[in-house]
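Below is one structure, written out as structure tokens; the observations come after it.
The values are calculated or read from the model by the stated rules, or taken from the named source; none is laboratory data. These numbers were taken from a predicted model, which means no experiment stands behind them. Cβ placement follows ideal geometry from the backbone for every residue including glycine, while neighbour counts extend to all protein chains displayed. Surface accessibility is based on the protein's heavy atoms, side chains included, excluding ligands, DNA and RNA. Shrake-Rupley method; radii C 1.70, N 1.55, O 1.52, S 1.80 Å.
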2 protein chains.
Amino acid sequence: MTALHQRVRRTIQRHRLCPPGCRVLVGLSGGSDSVALTVLLRDLSEHGDFALVGLAHLNHRLRPTSDRDGDFCRQFGRTVGVPLFVESIDVAGYAQAQRLSVEDAARRVRYEFLHRVAMETSADRVAVGHTRDDQAETFLLKLVRGAGLTGLAAIYPQRGEIVRPLLDVSRAELRAFLDSRGLEWVDDESNQDIGNPRNRLRHGILPELELVYPSASAAIARTAGLVREDAQWLDEVSRERYDRLVSRFQAGLHIDAAGLLSEPPPIRRRVVLLALRCAFPTREIGLDHVEGALAVAAAETGGIDVPGGRVELQREKLVLHVQATA
Amino acid sequence: MTALHQRVRRTIQRHRLCPPGCRVLVGLSGGSDSVALTVLLRDLSEHGDFALVGLAHLNHRLRPTSDRDGDFCRQFGRTVGVPLFVESIDVAGYAQAQRLSVEDAARRVRYEFLHRVAMETSADRVAVGHTRDDQAETFLLKLVRGAGLTGLAAIYPQRGEIVRPLLDVSRAELRAFLDSRGLEWVDDESNQDIGNPRNRLRHGILPELELVYPSASAAIARTAGLVREDAQWLDEVSRERYDRLVSRFQAGLHIDAAGLLSEPPPIRRRVVLLALRCAFPTREIGLDHVEGALAVAAAETGGIDVPGGRVELQREKLVLHVQATA
């Protein structure tokens, strides 16, 4: 067991990613992250109490090298002695049919595929290769896109059956580990495309930050974990308060205004956001609407229009009227 | 009143920066931010219920152009018709004597000077010119330095008598406003020094981010405000819990371990951080120590050494032993 194995084991233990007796499937692209993940989990499963039951590779048919990646994964599966499941899906066609961006379509198709293979192999965990670098990139991306109201928290170590044991490890460490074992991987040339904002962060802005602050990525990823913990609990408290403060009527929701204003600002803001999203589920609700509704609750302004309806103060209730659709 | 005046007024109202009847002193460097702040506050004071009682300019004697800046401020004070208070302090000498960085020394000397002038002019608020850009820069700086455990929250709209009415406005907007009025300002050439990490962010990394995300600074500043609200309340809750869970004994502190572990992670983490900082006040306490102490509390590991002492679990108490100094 190397120091790297131990760090990955610590991540698994801290977040209880692989409970005793669990069966793990690995999502394998053939890139350095998922190849290293496979090797590390195979080694840990030999010392541990979980089983590595399979590898799942999806051919997205998006790049000329897709077939080469599949061949590589087949060969790699034989080398590590773990059964490989491969499927090929026309992601570009799916994106067009569903009116999704190729990126969103690829994500959806991939997670559906992983879930299907997990069912077939009776796996109860699907491990994917997101690293500390992915964590830092995602956090920065959400930050500059203004996702502060919700979702700044970046990548979760676990979401349902999906687990991410490499979130505390850098890509460079994984590549050094593979090199030290004489193991190879395939490069995804779409990662080099500077037209993609994530790659612009990865290859331009983050390296520049690290010139000034060598541990910038590690620091950002660590902060992302802390902010996630904070947000998770604030969301829980807010849902609890929501149940006490918000009630439904025929044409919308109302919120006990005095009760709302007696909550501290982080809870107040989240309760209003939850209520607006519940009343107007198909609309884009942003911080401006939340602040507008809070000003109405405090009687600082009269009623305001929001996408899909109107917010007014009526007899000490903040009323969220859903507009009747013609 | 321009739209800019209204936005600044909204910031003042939202954070209650200038309560009715208050007397405001402005910290004036002569740069665009503080010059615009002076003009905006003078205009707002004519429509509002606060008084602009003076401008305070400190000559830091750090740059060859320091005297030119002082002359500019004298002329500007006459133009806007507000009394100017000037002082000259050898900041470099002070830094050396107090073993501070020049940046830290300048900050300390400046705020002391502002406080002194506020006393002399019976001002109860001191307005300084920090902008949305400063907010974004500070947040990013703290993020890459790993200040996630505390203090990610960046610049406060108010801290004691200091208020920052420009936190929601960009530097570019302020300069356009000054241009539109035909008003001038002095440039601080030290802001161009790329050796300074903040300037590297300001002139290199943030503009590059804004090429991809035009509203990156605004988004970051907005998020900084939300994260600050969250952290402020979590800190309050944690101090409350701290009083219940932590007690003092002769050689340190102890914490009720079961009570601690029944708290949600964000509170647990903050209570332990507060306790470690209280027990070992002169030492550098970081996230590793907090996580180590929590592992001890959960009996996942035995006792651990921390800077200045040791943490152990004894009869259901997490004990923070302060090392006797020889």
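Among the residues of the range A:249-275, write down those that are over 23 Å from the mean Cα position of the chain (by Cα), assigned to a helix (DSSP H, G or I) and more than 14 Å from chain B (Cβ to nearest Cβ). Selection gives A:ALA257, A:ALA258, A:GLY259, A:LEU260, A:LEU261, A:ALA275.
For the range A:13-26, the tally of residues that are closer than 14 Å to A:LEU166 by Cβ and buried (at least 23 other Cβ atoms within 10 Å of the Cβ) stands at 3.
What number of residues in the range A:300-316 are without any contact (Cβ under 8 Å) to a residue 24 or more places away in the chain and among the small types (Gly, Ala, Ser)? Looking only at that region, the number is 2. Screening B:GLU236 on (1) under 24 Å from B:LEU141 (Cβ atoms); (2) surrounded by fewer than 19 Cβ atoms within 10 Å (Cβ to Cβ); (3) within 12 Å of chain A (Cβ to nearest Cβ); (4) of a type in the set (Asp, Glu) shows it passes everything except condition (1). When A:ASP230 is tested against the conditions (1) open to solvent by less than 50 Å² (accessible area, probe 1.4 Å); (2) assigned to a helix (DSSP H, G or I); (3) more than 7 Å from every other protein chain (Cβ to nearest Cβ), the lone failure is (3).
Of the residues making up the range B:228-261, those that are of a type in the set (Gly, Ala, Ser) and without any contact (Cβ under 8 Å) to a residue 40 or more places away in the chain are B:SER238, B:SER247, B:GLY259. Residues of the range A:202-218 that are assigned to a helix (DSSP H, G or I), free of Cβ contacts under 8 Å to residues at least 40 places away in the same chain and facing chain B (nearest Cβ under 7 Å): A:GLY204, A:GLU208, A:LEU209, A:VAL212.
Cβ-Cβ distances below 8 Å connect the following pairs, each with a first residue in the range A:262-281 that is over 16 Å from A:LEU234 (Cα atoms), a second residue that is assigned to a helix (DSSP H, G or I), and a separation of six or more residues or different chains: A:LEU276/A:HIS289; A:LEU276/A:VAL290; A:LEU276/A:ALA293. Checked against (1) within 10 Å of another protein chain (Cβ to nearest Cβ); (2) open to solvent by 40 Å² or more (accessible area, probe 1.4 Å); (3) not hydrophobic (A, V, I, L, M, F, W, C), B:THR223 meets all criteria but (2). Just give me the residues in the range B:163-187 being modelled with pLDDT of 95 or more, in a helix (DSSP H, G or I), open to solvent by 10 Å² or more (accessible area, probe 1.4 Å) and not acidic (Asp, Glu), in sequence order. Hits for the range B:163-187 are B:ARG175, B:ALA176, B:PHE177, B:SER180.
Does the range B:110-132 include one or more residues that are farther than 21 Å from B:ASP67 by Cα and within 14 Å of another protein chain (Cβ to nearest Cβ)? The answer is yes; a qualifying residue exists.
Looking at the structure I just gave you, is A:VAL319 within 25 Å of B:HIS15 (Cα to Cα) and open to solvent by less than 20 Å² (accessible area, probe 1.4 Å)? Before you say what the answer is, go through the steps one by one.
Numbers: within 25 Å of B:HIS15 (Cα to Cα): no; open to solvent by less than 20 Å² (accessible area, probe 1.4 Å): yes.
When the stated conditions are applied, A:VAL319 does not pass them.
Within the range B:5-21, residues that are under 15 Å from B:LEU52 (Cβ atoms) and basic (Lys, Arg) reach partners that are modelled with pLDDT of 95 or more and in a loop (DSSP other than H, G, I, E, B) with beta carbons closer than 9 Å, at six or more positions or on different chains, in the pairs B:ARG9/B:PRO165.
Within the range A:276-326, the set of residues being assigned to a helix (DSSP H, G or I), closer than 17 Å to A:ALA257 by Cα and among the charged types (D, E, K, R) comprises A:GLU291 only. Going through (1) free of Cβ contacts under 8 Å to residues at least 60 places away in the same chain; (2) more than 25 Å from the chain's Cα centre (by Cα) one by one, A:VAL319 falls short only on (1).
How many of the residues making up the range A:253-268 are open to solvent by 10 Å² or more (accessible area, probe 1.4 Å) and closer than 15 Å to A:VAL311 by Cα?
So the answer is 2.
Any residue at all in the range A:35-42 that's at pLDDT below 95, of a type outside the set (Lys, Arg) and open to solvent by less than 20 Å² (accessible area, probe 1.4 Å)?
Within the range A:35-42, the subset at pLDDT below 95 is none.
Scanning the range A:35-42, I find no residue that is at pLDDT below 95, of a type outside the set (Lys, Arg) and open to solvent by less than 20 Å² (accessible area, probe 1.4 Å), so the answer is no.
For A:LEU274, indicate whether it is open to solvent by 50 Å² or more (accessible area, probe 1.4 Å) and touching a strand residue (DSSP E or B) at 6+ places or on another chain (Cβ under 9 Å).
Numbers: open to solvent by 50 Å² or more (accessible area, probe 1.4 Å): yes; touching a strand residue (DSSP E or B) at 6+ places or on another chain (Cβ under 9 Å): yes.
Against the criterion (open to solvent by 50 Å² or more (accessible area, probe 1.4 Å) and touching a strand residue (DSSP E or B) at 6+ places or on another chain (Cβ under 9 Å)), A:LEU274 qualifies.
Cβ-Cβ contacts under 8 Å between residues 6 or more apart (or on different chains), taken from a first residue in the range B:188-201 that is more than 14 Å from every other protein chain (Cβ to nearest Cβ) and modelled with pLDDT under 70 to a second residue that is open to solvent by 50 Å² or more (accessible area, probe 1.4 Å) and in a loop (DSSP other than H, G, I, E, B), are listed as B:GLU189/B:ARG63; B:SER190/B:LEU62; B:SER190/B:ARG63. Scanning the range B:141-159 for residues that are in contact with a helix residue (DSSP H, G or I) (Cβ under 9 Å, 6 or more places away or on another chain) and either away from every other protein chain (no Cβ under 13 Å) or at pLDDT 90 or above (or both) gives B:ILE155, B:TYR156, B:PRO157.
If you check A:SER215 against the conditions, is it more than 22 Å from A:GLY70 (Cα to Cα), polar (S, T, N, Q) and open to solvent by less than 30 Å² (accessible area, probe 1.4 Å)?
Numbers: more than 22 Å from A:GLY70 (Cα to Cα): yes; polar (S, T, N, Q): yes; open to solvent by less than 30 Å² (accessible area, probe 1.4 Å): no.
Criteria not met by A:SER215.
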